[in-house]
1. How big is the accessible area of B:M126 in square angstrom, nearest 10, if you roll a 1.4 angstrom probe over the protein chains?
2. How fast does the protein assembly as shown diffuse by Stokes-Einstein, in µm²/s, taking the Kirkwood radius from C-alpha pairs at 25 °C and 0.890 mPa s?
3. When you look at the Cβ of every residue in B:92-103, what mean number of other chain Cβ atoms sits within 10 Å?
4. List the residues of the range A:178-211 that lose 50 Å² or more of accessible area once all protein chains are present, compared with their chain alone (1.4 Å probe, heavy atoms only, no ligands or nucleic acids).
5. Enumerate by residue number the trypsin sites (Lys or Arg not before Pro) in the range B:15-79 meeting two conditions: DSSP loop (anything except H, G, I, E, B), and at most 16 other Cβ atoms within 10 Å of the site's Cβ.
6. Tell me the trypsin sites (Lys or Arg not before Pro) within the range B:126-233 that lie in a loop according to DSSP and have at most 15 other beta-carbon atoms within 10 Å.
7. Estimate for me the total accessible surface buried between chains A and B (protein heavy atoms, probe 1.4 Å, no ligands or nucleic acids), in Å² to the nearest 100.
8. What Rg and what Dmax come out for the range A:7-214 when only alpha-carbon atoms are used, in angstroms?
Amino acid sequence: MAEFVQFLFSGLTVGAVYALVALGFTLIYNASDVINFAQGEFVMLGGMTTVFLGLAGIPLPLAALLAVIFAMAVGLALHRFAIETARGANAVSLIMITIGASIFLRGAAQVFFDKQFHTLPAFFGSEPIRFVGAAILPQSLVVLAGAVVIVVLLWTFIDRTLLGKAVIATAVNRLAARLVGIDTRRIVGFSFAISAAIGAVAGILITPITLTNYDVGTLLALKGFAAAMLGGMGIAAGAVIGGLVLGLLEAFAAGYLSSQYKDAVAFLVILTVLFVMPQGLLGRAKVERV
Amino acid sequence: MLSVKDLRSGYGRIEALHGVSIEVEASEIVTLVGGNGAGKTTLLRAISGVQPITAGEIRFEDARIERSAAHSRVARGIAQVPEGRQLFAPLTVEDNLALGAWSRRNTDVAAELSYVYEHFPMLSEMRRTPAGMLSGGQQQMLAIARALMAKPRLLLLDEPSMGLAPILVDQILLVVRELKRRGLTILLVEQNARAALAIADRGYVIETGQITATGTAQELLSDSRVQAAYLGV
């Protein structure tokens, strides 16, 4: 039982981060049909920038805020200078561009930061909380709470504000969005910035548990992509569920089978989804009256 | 009000408009009659700025607009009801209307909303229904209402009768007439030439990307070539 709860919590914690990365994929995919494989680099930038600003003497909360803003600026620049300039290119070319951008960002981080692993102090100490025999890090709860807050904020924004609805409008019918006067380029740029912010927050929250270095984005992008595919690409609720399920599968595979197979789980998930249910868990055929 | 001169546009290397010129005066209904693939939709999309042009000029109220972005043309007062309605299907009727007023989002749009609900009471009843669940006729009404939310001075209507039962076509045309009475200038594209010419002041006939005839609606209705090609006489 204690073991089970232990795996459950570590799975949910990592799953929450996958869910946030998958949400970033979803936002950008919906707005622009681009699968942004540089999504993981936003997570890396969030953690690494906070670490280095902290080392430069800036108080950590401020450093974290600046890191999120910096990641958003990188997201906007990625859209403006890499995606927008290739407007009209097909989806595969755009995906290649994001892979290139991801390699570039990783390289830049290696040069401007360093190649070491870094950590941040846990927000509320690192004394584990005992819960039915399992030891739960307070930071795990911070990650979970942070993920919940982001999901609620994002949902409120999309569902309750006109700007949020313009994001949906751009996603479901770009032509009509342009015809009602929505500047769809700005909406897509805005989606990149929001995705970057979500990724950066995830990176900051998880760094005290998993550490960070210039290279953490690669695997996170893959895991987040697997989570988004599992939930159904383009569906926000699917991204969250896919992330949590993937995190749990990994944790239980690592715990009950062997930790060596942990990273294989994501690939198995991608393959299974592609073979068995390409629509994902929440995906369904489009029904529309004409 | 709107003046299009020698407009050329195409898809890839295939040119769809070979130098089209049309004029629309304020408070007119001008109709563009032509068969499938004649370039009607391409012309309307070029005027709205969502279809790239290769040559020619577009003037709206004496300002050159052929280089301005689609969203700034809406802000200037050109709204379009696109072919196939193109609603935001998962969003509610009210959200579709609110987005229709996007170009005026910093102003009070309550007056337009109540105007629209007064003239389309069915939309008011279904304001919380996703647009994709509406029937074809209701969707067309919503598409028109959404364009009106931008408070346009020029309304471009692309095949508003497409796929609708005859009784609904009549309803739509009544709405178009009523909009003209309200002072709106309308450029109406239709395959249903008889219905369009019945409510229009003037018309153009477009064939394979070129204007081949123009005149008052009366003249076009009695033109033997137009009768043979589009009126089935």
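The values are calculated or read from the model by the stated rules, or taken from the named source; none is laboratory data. Remember, it's a predicted structure, so these values are computed and weren't measured experimentally. Because the Cβ atoms are built from the backbone with ideal geometry, glycine has one as well, and the counts that use them run over all protein chains shown. When the accessible area is computed, the model is the full protein with side chains, heavy atoms only, and any ligands, DNA or RNA have been set aside. Shrake-Rupley method; radii C 1.70, N 1.55, O 1.52, S 1.80 Å.
1. 50
2. On the way: Rh = 25.6 Å.
The diffusion coefficient I find is 96 µm²/s.
3. Numbers: counts 1, 0, 0, 6, 4, 1, 5, 11, 4, 3, 10, 4.
For peptide B:92-103, the averaged partner shielding equals 4.
4. A:R178, A:L179, A:V180, A:G181
5. Details: sites: B:K40, B:R45, B:R59, B:R64, B:R67, B:R73, B:R76; in loops: B:R67.
Answer in residue order: B:R67.
6. Working: sites: B:R127, B:R128, B:R146, B:R153, B:R177, B:K180, B:R181, B:R182, B:R194, B:R202, B:R225; in loops: B:R127, B:R128, B:R153, B:R182.
Within the range B:126-233, the qualifying trypsin sites (Lys or Arg not before Pro) (loop, at most 15 other Cβ atoms within 10 Å) are B:R127, B:R128, B:R182.
7. Numbers: alone 14510 and 10810 Å², together 23210 Å².
Approximately 2100 Å² gets buried when A meets B.
8. 17.9, 60
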